[in-house]
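Asks: Below you will find the structure I want to go over with you.
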Amino acid sequence: MKTAEIRRRWLDYFEANGHVVVPSASVISSDPSILFNIAGMVQFIPYLSGREPAPFPRATSVQKCVRTGDIEEVGKTTRHGTFFQMNGNFSFGDYFKEDAIRFAWELLTTPESAGGLGFEPDRLWATVHAEDAETIDLWLKNTAIPAERIQTRGNEDNFWHTGQPGPGGYCSEIYYDRGPAYGAEGGPIADEDRYIEIWNLVFMEFELSAVRSKVDFDIKGELPAKNIDTGMGLERVAFLKQGVENMYEIDEVYPVIAAASELSGRRYGADEGDDVRMRVVADHVRSALIIIGDGVRPANEGRGYILRRLLRRAVRAMRLLGVTEPVMPVLLPVSMDAMKASYPELETDFDRISRIAYAEERAFLRTLESGTELLTRAVEQVGRGGTIGGDIAFALHDTHGFPIDMTLEMAAEQGVEVDETGFTELMAEQRRRAKEDAKAKKGSLQADLSAYSALLDEGATEFVGYDNLTADSRIR
Ligand code: ATP
Ligand code: MG
Ligand code: MG
Ligand code: MG
């Protein structure tokens, strides 16, 4: 089943069940405290928080998401993309747990011939919060899932809140068992590589009076209007339905792997290191395509910097595969072709998008050579096990356009460390100078770290983690 078909079945199903189909919001978050949308619910925050009355009681969407916090996982796990699509269904004070569970089970297990997603019921598992007995009962009562395939977890995994006093609640997640070839028995608690998380059902039912950490908070009482927020990973369902090994091998992503393999002359599936690089390339090229499509341009800070890192990491991964000439003119059209069924605007806007990506690659290739030389000399000087000075990392960043994570990665490949503290200090100093210059012109735009900064649990935290070296540049 093609990814576009899964998306269509999803929207049809929830529309038939009274949900208004809402188009994806831009991948650029309208909340200034996060750079990119990291979940389907972000565009509905005003309704979920009660700040604005919802114009409809039920909604569904397929949201374009970017989680840069997952960048280190890309290509190494089977299931993390920097870009992915989150299918969601939402209830604003309308239906609650029982229907959310019923809908999920019905859509997942209805045979393909009858319009569903056709998952074998006995391969599905659920996780539930240990104190949420109500949800366990609802699973047992409304679905064919047996008690042995329901596992309980604590706050770390099965409680959602924003990190602030306000709404919170239990969640229940659905996993698919890929079978004994992929790991030991024991359910998702034992092995998340064999048991793949596909869908998170969040029940916003409590008002929290204090939040001290992810796992430590006080529940004040129940919310007057209870909401449902769910997120299903479209690529994850696609990879399971398409019978491939991971989300990078689905119809919307794999063509770029095939193109990278052809360009480099290396066979996908022959060497694990090369395979990871090809998956990274396919992921990053697609993310860059979508991000530029939504209006971001490469820059030295904020969203533009993330875009720059994605493009440069892809180019460098191709270098490691032995390709030194420009790769974007080959790979980007392939990604666009694979994505245009769901996002036709990528094709009509491709001239603009591709010009930006190609120019960025050209700029990078101009400095990559000289930067690599500088780094190689520094590595030779300190020797294996040594530490390269922060000034080198800074020069690589400033003059040669090397994102710091790339420098770290390249150094690590040679068994050398980098003085990150020194680098961070030099960056801070440069920023201070830039700020002073800017002050003369105009007060800098101070982003408001609003109530939802810690929102959406890991998504947001992971994001900050990824960018911690340049934490204060992310919102400028
Ligand atoms: P994981 O534990 O696998 O990292 P998560 O718990 O962080 O996932 P949620 O925040 O619950 O994910 O998001 C809802 C759904 O979105 C997940 O169940 C999954 O199907 C999908 N999803 C989350 N992160 C990614 C990603 N980086 N790439 C692809 N799909 C994702
Ligand atoms: Mg998870
Ligand atoms: Mg989850
Ligand atoms: Mg995650």
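Asks: Given the criteria within 16 Å of ligand 3 (Cβ to nearest atom), surrounded by fewer than 20 Cβ atoms within 10 Å (Cβ to Cβ) and within 20 Å of residue 85 (Cα to Cα), does residue 235 qualify? Can you show your working first?
Replies: On the way: within 16 Å of ligand 3 (Cβ to nearest atom): yes; surrounded by fewer than 20 Cβ atoms within 10 Å (Cβ to Cβ): no; within 20 Å of residue 85 (Cα to Cα): yes.
Taking the combined requirement at face value, the residue does not satisfy it.
Asks: Which residues, taken from segment 145-160, are in a strand (DSSP E or B) and under 20 Å from residue 109 (Cβ atoms)?
Replies: 150, 151, listed by residue number.
Asks: Continuing with this model, one more query. Would you call residue 94 away from ligand 4 (no atom under 16 Å from the Cβ), at pLDDT 95 or above and in a loop (DSSP other than H, G, I, E, B)?
Replies: Yes; evaluated as a whole, the condition is true for this residue.
Asks: Same structure, new question: Using the structure shown, decide if residue 451 is among the small types (Gly, Ala, Ser) and at pLDDT 50 or above. Talk me through it step by step, then tell me what you get.
Replies: On the way: among the small types (Gly, Ala, Ser): yes; at pLDDT 50 or above: no.
Criteria not met by residue 451.
Asks: Please go through segment 142-154 and pick out each residue that is touching a residue at least 12 places away in the same chain (Cβ under 8 Å) and away from ligand 4 (no atom under 16 Å from the Cβ).
Replies: 142, 143, 144, 145, 149, 150, 151, 152, 154
Asks: Next up: In the list 135, 143, 230, which residue meets the criterion of being within 16 Å of ligand 3 (Cβ to nearest atom) and either over 26 Å from the mean Cα position of the chain (by Cα) or surrounded by fewer than 21 Cβ atoms within 10 Å (Cβ to Cβ) (or both)?
Replies: Unique residue meeting the criteria: 135.
Asks: If you check residue 73 against the conditions, is it in a loop (DSSP other than H, G, I, E, B), over 18 Å from residue 223 (Cα atoms) and without any contact (Cβ under 8 Å) to a residue 12 or more places away in the chain?
Replies: Yes.
Asks: Within segment 191-205, take every residue that is buried (at least 22 other Cβ atoms within 10 Å of the Cβ) and either away from ligand 2 (no atom under 16 Å from the Cβ) or of a type in the set (Phe, Trp, Tyr) (or both) and give me the one that is nearest to residue 124 (Cα to Cα).
Replies: In this case the residue turns out to be 195.
Asks: Would you point out which residue out of 325, 245 is at negative phi, more than 16 Å from ligand 4 (Cβ to nearest atom), among the acidic types (Asp, Glu) and without any contact (Cβ under 8 Å) to a residue 60 or more places away in the chain? First the steps, then the outcome.
Replies: Numbers: 245 fails: without any contact (Cβ under 8 Å) to a residue 60 or more places away in the chain.
The match here is 325.
Asks: OK, next. What are the pairs with Cβ atoms under 8 angstrom where one residue, in segment 259-276, is closer than 14 Å to residue 248 by Cα and the other, located anywhere, is buried (at least 19 other Cβ atoms within 10 Å of the Cβ) and acidic (Asp, Glu)? Sequence gap at least six, or different chains.
Replies: Here the result reads 268/274; 268/275; 269/275, each pair linking segment 259-276 to a residue that is buried (at least 19 other Cβ atoms within 10 Å of the Cβ) and acidic (Asp, Glu).
Asks: Just one of 154, 243, 166, 186 is away from ligand 2 (no atom under 16 Å from the Cβ) and within 20 Å of residue 130 (Cα to Cα); which is it? Give the derivation first.
Replies: Values: 154 fails: away from ligand 2 (no atom under 16 Å from the Cβ); 243 fails: within 20 Å of residue 130 (Cα to Cα); 166 fails: within 20 Å of residue 130 (Cα to Cα).
Going through 154, 243, 166, 186 in turn, the sole match is 186.
Here's the yes/no breakdown for (1) under 23 Å from residue 6 (Cα atoms); (2) surrounded by 24 or more Cβ atoms within 10 Å (Cβ to Cβ):
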residue	(1), (2)
43	yes, no
47	no, no
54	no, no
60	yes, no
69	no, no
73	no, no
81	yes, yes
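Asks: Mind checking which pairs have a first residue in segment 122-137 that is assigned to a helix (DSSP H, G or I) and a second that is acidic (Asp, Glu), Cβ under 7 Å, 6 or more apart or different chains?
Replies: 123/177
The values are calculated or read from the model by the stated rules, or taken from the named source; none is laboratory data. Since we're looking at a predicted model, the values are computed, not measured. Note that each Cβ is placed from the backbone with ideal geometry, even for glycine, and that neighbours are counted across all protein chains shown.
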